[in-house]
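First the structure, in the form of structure tokens, and then the observations on it.
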Amino acid sequence: MPRVSLPITTPRLTLRSFRPGDEEDVFAYRSVPSVVRYIPGEPKTREDVADLVAERATAGRVDERSPILTLAVELDGRVIGDVLIHLAGLGGADGRQAEIGWVFAPDLAGQGYATEAARALLEAAFGSLGVHRVWAQLEPENTPSSRICERLGMRREALFEKASWFKEQWTDLAIYALLADEWSAGTTSSAS
Ligand SMILES: CC(C)(COP(=O)(O)OP(=O)(O)OC[C@H]1O[C@@H](n2cnc3c(N)ncnc32)[C@H](O)[C@@H]1OP(=O)(O)O)[C@@H](O)C(=O)NCCC(=O)NCCS
């Protein structure tokens, strides 16, 4: 059974399971309308956040019954965002694929924290989880998110016009992806 060993640490961050006590930090960014503009759902209430934190307390296990792994990203004791991977095709002969996503507190934008956390999650996906392909879907006008994909070495594979009914309107949808082989080649060449 695939499992991510937690916590994952990076030079500045700790990626870990959510736990009781994270609610205020998560509410601080998940309740902001501009933060949820490009992600499903409305700004979260305190009650929503309490449920979210409780549901996402996980031991890093990912399986058919629980294919989504969401991790809290901690900086100096504060949860500043969350990253997720949603595995599909677990056990399938065509190899595993995973969608990746991220949401971060706007007051710390532009310092590379989201990119650093996403890179660590990619490492875990291609490493411990043995994923074959990681992909992301986003609205092309969500430039900060597109730039994360590009910094991670993901390729823009497709642009579907007015293909997604999202927040009461038809929106364009960009797909970015990265294969395990490309990730290995990139990390090997950047390490040399
Ligand atoms: C998408 C989102 C996570 C991007 O946040 P962000 O602050 O732009 O991303 P980062 O924290 O990785 O910051 C990247 C910037 O930091 C800069 N940076 C500064 N210090 C850095 C460092 N030490 N390492 C790497 N980058 C650094 C980079 O150069 C980059 O700047 P640029 O975009 O001008 O090139 C954020 O906008 C968000 O949470 N949005 C709402 C939720 C959302 O839309 N999610 C995606 C749905 S598809």
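The values are calculated or read from the model by the stated rules, or taken from the named source; none is laboratory data. No experiment lies behind these values; they were computed from the predicted model shown. Reconstructed Cβ throughout: ideal geometry from the backbone, glycine too, with neighbour counts over all protein chains shown. Side chains are part of the model used for accessible areas, which takes the heavy atoms of the whole protein and leaves out ligands, DNA and RNA. Shrake-Rupley method; radii C 1.70, N 1.55, O 1.52, S 1.80 Å.
Annotations
- The range 1-39, subset of a type in the set (Phe, Trp, Tyr) and assigned to a helix (DSSP H, G or I), residue surrounded by the fewest Cβ atoms within 10 Å (Cβ to Cβ): PHE27
- Check on SER17, free of Cβ contacts under 8 Å to residues at least 60 places away in the same chain and under 18 Å from the mean Cα position of the chain (by Cα): yes
- Number of residues in the range 10-47 that are away from the ligand (no atom under 16 Å from the Cβ) and touching a helix residue (DSSP H, G or I) at 6+ places or on another chain (Cβ under 9 Å): the value is 9.
- Across the range 40-80, the number of residues qualifying as assigned to a loop (DSSP other than H, G, I, E, B), open to solvent by 30 Å² or more (accessible area, probe 1.4 Å) and on the phi < 0 side of the Ramachandran plot comes to 12.
- Any hit, the range 94-117, residues being among the basic types (Lys, Arg) and in a helix (DSSP H, G or I): no
- Residue, surrounded by the most Cβ atoms within 10 Å (Cβ to Cβ), within the range 119-148, restricted to residues that are within 23 Å of SER34 (Cα to Cα) and more than 9 Å from the ligand (Cβ to nearest atom): PRO140
- Residue within the range 73-81 that is over 24 Å from ARG37 (Cβ atoms) and free of Cβ contacts under 8 Å to residues at least 24 places away in the same chain present: yes
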